[in-house]
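**Student:** First the structure, then my questions, so here it is.
Values quoted throughout were computed directly from the atomic coordinates according to the rules given, and no laboratory measurement underlies them. Since this is a predicted model, take the numbers as computed values, not measurements. Note that we place each Cβ from the backbone using ideal geometry, even for glycine, and neighbour counts take in every protein chain shown.
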């Protein structure tokens, strides 16, 4: 295998730990972000480029063998998604033919691209992919721009709901003594943020990645079951079923992540870790 040289575009909550994990594994890695390096707790072994990804030239990218795009929009609006995900992917796609060293472009997308909403099972082969939300439509367009530009070099990772030791929305809701009733069968899926970092790192480094990964754990759960379980763990009153919401909603995702990559193969393992950290 030739010596790899990696570029991680985006140094946020996932991009930064991916860069650091690679640097600690002695991989030649460069993080790219718009702010100055001192704004990021970057490993000393990592290189850094301060730039807007939309300005990157073929010359700047010439030596990289693998690139990951791990960005979030400045604002969570359709235009925000257009200006981040889509614009960056379109820009890189225009350079595809000139990047001779490049073997792989990994894009962190979202399982929001699946518009199914009545409890269906989804897997990596589910087609057609028909998003409902405007933002999800833009993310799918970004995937397609990379696939058109880079062909089989483009690898897509679609994470489900990301949670973790600092991402505690569900736990905060469980701790509320007055809870709104919850629909009995509203399905949800999640992935621990630390596992997502591992997944991205593995997909960048393995020899023969799949074209699409559903980065989710092995156990979909209804919001009602999750909130009931968490409420009991923290000694709070569990929610009541919302008798007005009787239809099945959400979707259930079949993970195609190798189990060995996951420290938290289901939501209970993840939330037990979080609850232990809270003590």
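**Student:** Just want to confirm a number: the relative contact order over the chain, from Cα pairs under 8 angstrom separated by 6+ residues, in percent.
**Tutor:** It comes to 18 percent, rounded to a whole number.
**Student:** For an R0 of 51 angstrom, estimate the FRET efficiency from the Cβ-Cβ distance between residue 62 and residue 247 and round to the nearest 0.05.
**Tutor:** The value I calculate is 0.45.
**Student:** So what is the calculated 222 nm ellipticity per residue for the chain, using -39500 (n - 2.57) for each DSSP H run with n of 4 or more, over all residues, to the nearest 500 deg cm²/dmol?
**Tutor:** -9000 deg cm²/dmol
**Student:** Mind jotting down the three principal axis lengths of the chain based on Cα atoms? Whole angstrom, largest first.
**Tutor:** Answer, in whole Å and largest first: 60, 42, 34 Å.
**Student:** State, to one decimal in nm², a quarter of the convex hull surface area for the C-alpha atoms of segment 154-279, i.e. the direction-averaged projected area.
**Tutor:** Quarter of the Cα hull surface area: 8.3 nm².
**Student:** How high is the relative contact order of segment 1-68? Use alpha-carbon pairs under 8 Å, at least six apart in sequence, and give a whole percent.
**Tutor:** About 39 percent, as a whole number.
**Student:** Using the count of nearby Cβ atoms within 10 Å as a rough guide to exposure, how do 219, 86 rank from fewest to most?
**Tutor:** Exposure proxy ranking, most exposed first: 219, 86.
**Student:** Output needed: percent of Cα pairs per 5 Å distance bin for segment 1-155, bins running from 0 to the one holding the longest distance.
**Tutor:** 2, 9, 18, 21, 19, 15, 10, 5, 2, 0
**Student:** Turning to a different aspect of this structure: In segment 153-168, which residues have a backbone nitrogen under 18 Å from the label point lying 7 Å from residue 275's Cα in the Cα-to-Cβ direction?
**Tutor:** 163-168, by backbone N distance to the label point.
**Student:** Okay, moving on. Taking the Cβ-Cβ separation of residue 165 and residue 43 as r and a Förster radius of 25 Å, what is the calculated FRET efficiency to the nearest 0.05?
**Tutor:** That pair, residue 165 with residue 43, gives E of 0.80.
**Student:** How much length, in nm to one decimal, is gained on full extension between residue 13 and residue 260, taken as 0.36 nm per residue of separation minus their Cα-Cα distance?
**Tutor:** Gain on extension, residue 13 to residue 260, equals 86.6 nm.
**Student:** Stretch residue 54-residue 202 to full length: gain in nm at 0.36 nm per residue minus the Cα-Cα span?
**Tutor:** Here the segment from residue 54 to residue 202 would lengthen by 50.7 nm.
**Student:** So, one more: Over segment 134-279, what is the relative contact order in whole percent, taking alpha-carbon pairs under 8 Å and six or more residues apart?
**Tutor:** Once divided by the residue count of segment 134-279, the mean separation gives 32 percent.
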